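Everything on this sheet refers to the single structure shown next.
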Amino acid sequence: MSLKTHSAQQNIHRIVLPNGITLLIVENQAADLVAGRFFFKNAGSIVESRDRAGLSNLVASVMTKGTRNLSALEIAEQVESIGASLGADAGTDYFLLSLKAVSGDFTPILRLLSEIIRFPSFPIEEVELEKKLTLQNIRSQKEQPFNVAFDALRRHIYGQHPYGVSILGTEDTVSPLEQSNLQEYHQTYLRPDNLTISVSGRINQESTVRLIEEMFGDWQIPDTKVAINLPLAINSKPSEVVTQQETQQSIVMLGYLGTAVDSADYPVLKLLSTYLGNGLSSRLFVELREKRGLAYDVSAFFPTRLEPAFFVTYMGTAPENTEIAIALLQEEVERLSNIELSESELQGAKNKLLGQYALGKQTNSEIAQIYGWYESLGLGIDFDRQFQESIAQVTSQEAKSVANKYLVNPYISVVKPSLNN
């Protein structure tokens, strides 16, 4: 082992194995359960070329459907026979496998997952089945006004950047994918020096390290290097995109290009997003739904990304209110650049964000998720403390300054009924 550190927070142990695997262990004896998250950095949709968009998602869908020794049915039987859970998922900036079991069954479920990670077979019949299901999902999303508006906004902002397309991909990019593409993806990106294993539960540090070394210690780092070459194609000229669709309401979305998670401005934008659109007490909900009665649904969000993420506000409203919805959403966002939030407004947003953040770290699954995610993003486990401290220290002047820096000149995406409706 090349490195071993301890954190005062929640008894976290961090160990780096000789083959590059980072192991995070949280000893939590509260319940007789163990949860694990296996994050691969330099993976996910961010590594996909545009003509293979959706490949990461397809790999995740098929990953647990067969190994060199086990069929999909045999894998399912092993998992269900001990009442455990096991799955795979692809995100924009990572590829993830997860497990959960009672502590007595941790060893067999870990052994099964290690075989899935290292020796998946990607059976052709399973690839074709999951492709059909994915294509059905893509077509279904085209019928949902919110997804149509969101997809148009994403393409409008990011262009050819991988963030510009859904994790599902498109019909044109998913249809040609073959077993060999999945195998190549696995061999290229799912490698030990990209892997963070985050485990939380009723476990012992020494025995867990031994188990991981037994099952993953002989996994060799490939000779090839992984490089992510991102196009500099983010659209710098905000404008409006209107999509006409058979729908009973209009969806209005305003998007602003924000920042990446490693920026000092990231916590401030998170706080502003919470203030604007998080919950029934948020500014947008109170002003536009409760007071004006304009919104069926109204909110804001700012995702966490390795690359600059977009800050989005949206509203579902009656078609005849489309233009006023655009104007009022923009007015509410611009207000953040024009005035300083009052002390009560700022503190209320801080309390809400930090409270929800704390509630998101109650279970072993949530604990394993958040520390593994931060590690895979290159932030380290101390980011958990740093983020909370940063939120607490945000001032009204800083909030206004950051709003002026990012929340101007929105990209606008509107889905509304056609003129013939």
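Read-outs: derived from the displayed coordinates by stated rules, not from any lab. Since the model is a prediction, treat every value here as computed from it, not as a measurement. Using ideal geometry, Cβ is built from the backbone for each residue, glycine included, and neighbour counts are taken over all protein chains shown.
Mind checking the dipole of region 161-282: about its Cα centre, +1 per Lys or Arg Cβ, -1 per Asp or Glu Cβ, Debye to the nearest 20? Please list the in-between numbers first.
Values: 6 positive and 14 negative charges, 93 e Å.
That gives a dipole near 440 debye.
Suppose the Debye formula is applied to equal point scatterers at every Cα of region 271-421; what is log10 I(q)/I(0) at q = 0.12, 0.14, 0.20 Å⁻¹?
Listed by q, the Debye log ratios stand at -0.60, -0.79, -1.32.
Return the whole-Å distance between the Cα centroid of region 357-421 and the Cα centroid of region 35-49.
Cα centres, region 357-421 to region 35-49: 19 Å.
Evaluate the relative contact order of the chain (contact order divided by residue number), counting alpha-carbon pairs under 8 angstrom at least 6 apart; express in whole percent. Don't skip to the answer; put the middle values down first.
Values: 806 pairs, mean separation 91.9, N = 421.
Computed value for the chain: 22 percent relative contact order.
Can you work out the FRET efficiency for the pair Gln29 and Ile324, with r the C-beta to C-beta distance and R0 = 60 Å, to the nearest 0.05? Please report the intermediate quantities before stating the final value.
On the way: r = 56 Å, r/R0 = 0.93.
About 0.60, to the nearest 0.05.
Taking the Cα centre of the chain as origin, work out the dipole magnitude from +1 charges on Lys and Arg Cβ and -1 charges on Asp and Glu Cβ, in debye rounded to 20. If you can, show how the numbers build up before the last one.
Working: 36 positive and 49 negative charges, 98 e Å.
Result for the chain is approximately 480 debye, rounded to the nearest 20.
For the chain, take the longest principal axis of its alpha carbons; what is the angle in degrees between that and the long axis of helix 72-81, to the nearest 10 within 0 to 90?
Approximately 90 degrees, to the nearest 10.
Could you work out which residue, out of Arg283, Arg385, Arg50, moves most in a Gaussian network model of the chain, that is, has the largest mean-square fluctuation with Cα springs under 10 Å?
In this elastic network of the chain, the residue with the biggest mean-square fluctuation among Arg283, Arg385, Arg50 is Arg385.
What whole-number value in cubic angstrom gives the convex hull volume per residue for the C-alpha atoms of region 3-216? Working shown, then result.
Details: hull volume 30.8 nm³, N = 214.
Measuring per residue, one finds 144 Å³ for the Cα hull of region 3-216.
How much length, in nm to one decimal, is gained on full extension between Gln136 and Val16, taken as 0.36 nm per residue of separation minus their Cα-Cα distance?
Values: separation 120, 0.36 × 120 = 43.20 nm, distance 4.15 nm.
Taking 0.36 nm per residue and subtracting the Cα distance, the gain is 39.0 nm.
List the extent of the Cα atoms of region 181-319 along each of their three principal axes, largest first, rounded to whole Å.
Principal extents (largest minus smallest coordinate, Cα): 63, 40, 35 Å.
Could you tell me how many degrees, from 0 to 90 and to the nearest 10, lie between the Cα long axis of helix 343-359 and the main elongation axis, the longest principal axis, of the Cα atoms of the chain?
20
Running a GNM on the chain with Cα contacts under 10 Å, which residue among Ile116, Ile167, Ile124 ends up with the highest mean-square fluctuation?
Most flexible of the set in this elastic network: Ile124.
Report the trypsin sites (Lys or Arg not before Pro) located in region 58-121 that are in a DSSP loop and have at most 12 other Cβ atoms inside 10 Å of their Cβ, or state none. Present the calculation step by step, with values, prior to reporting the outcome.
On the way: sites: Lys65, Arg68, Lys100, Arg111, Arg118; in loops: Lys65, Arg68.
Listed in order of number, the matching sites are Arg68.
Going by alpha carbons, how many degrees (0 to 90, nearest 10) lie between the helix axis of 266-277 and the longest principal axis of the chain?
60
At a Förster distance of 35 Å, what's the computed FRET efficiency of Asn409 paired with Asp51, Cβ-Cβ distance as r, to 0.05? Walk me through the intermediate numbers first.
Numbers: r = 31 Å, r/R0 = 0.89.
Here the calculated transfer efficiency is 0.65.
Quick check on the chain: what does the Kirkwood estimate of hydrodynamic radius come out to from the alpha carbon pairs, in Å? The partial results should precede the final answer.
On the way: mean 1/r = 0.0433 Å⁻¹.
It works out to 23.1 Å.
Return the percentage of antiparallel bridges among DSSP beta bridges fully within the chain, rounded to the nearest 5 %. Each step should come with its number before you reach the end.
Details: 52 of 63 bridges.
Close to 85 percent.
Describe numerically, in nm with one decimal, the distance between label points set 7 Å from Cα along Cα→Cβ at Ala358 and at Gln144.
For the pair Ala358/Gln144, the computed spacing is 3.3 nm.
Calculate the FRET efficiency for Asn69 and Val241 from the Cβ-Cβ distance with a Förster distance of 51 Å, rounded to the nearest 0.05. Provide the component values of the computation, followed by the final result.
Working: r = 50 Å, r/R0 = 0.98.
Step by step, r from the Cβ atoms, then E = 0.55.
GluC sites (Glu not before Pro) within region 308-401: which are DSSP loop residues with at most 16 other Cβ atoms inside 10 Å?
Values: sites: Glu320, Glu323, Glu331, Glu332, Glu334, Glu340, Glu343, Glu345, Glu366, Glu375, Glu389, Glu398; in loops: Glu340.
Sparse-neighbourhood loop GluC sites (Glu not before Pro): Glu340.
If the only charges are +1 at each Lys and Arg Cβ and -1 at each Asp and Glu Cβ, what is the size of the charge dipole of region 294-348 around the Cα centre, to the nearest 20 debye? Walk me through the numbers on the way to the answer.
Details: 2 positive and 10 negative charges, 43 e Å.
The dipole magnitude comes to about 200 debye.
Find how much the distance from Ile82 to Arg385 grows on full extension, using 0.36 nm per residue of separation minus their present alpha carbon separation; answer in nm with one decimal.
Details: separation 303, 0.36 × 303 = 109.08 nm, distance 3.59 nm.
Full-extension gain reported as 105.5 nm.
Fewest to most neighbouring Cβ within 10 Å: what's the order for Thr313, Thr304? Walk me through the numbers on the way to the answer.
Values: Thr313 25, Thr304 16.
So the ranking, lowest neighbour count to highest, is Thr304, Thr313.
Just want the answer: with Cβ charges of +1 for Lys and Arg and -1 for Asp and Glu, which residue in Leu328, Gly355, Asn409 is farthest toward the dipole's positive end in region 240-416?
Gly355
In deg cm²/dmol and to the nearest 500, what is the mean residue ellipticity at 222 nm of the chain if only DSSP H runs of at least 4 residues count, each as -39500 (n - 2.57), divided by the residue total?
On the way: 14 runs with 172 residues, N = 421.
Helix-only estimate at 222 nm: -13000 deg cm²/dmol.
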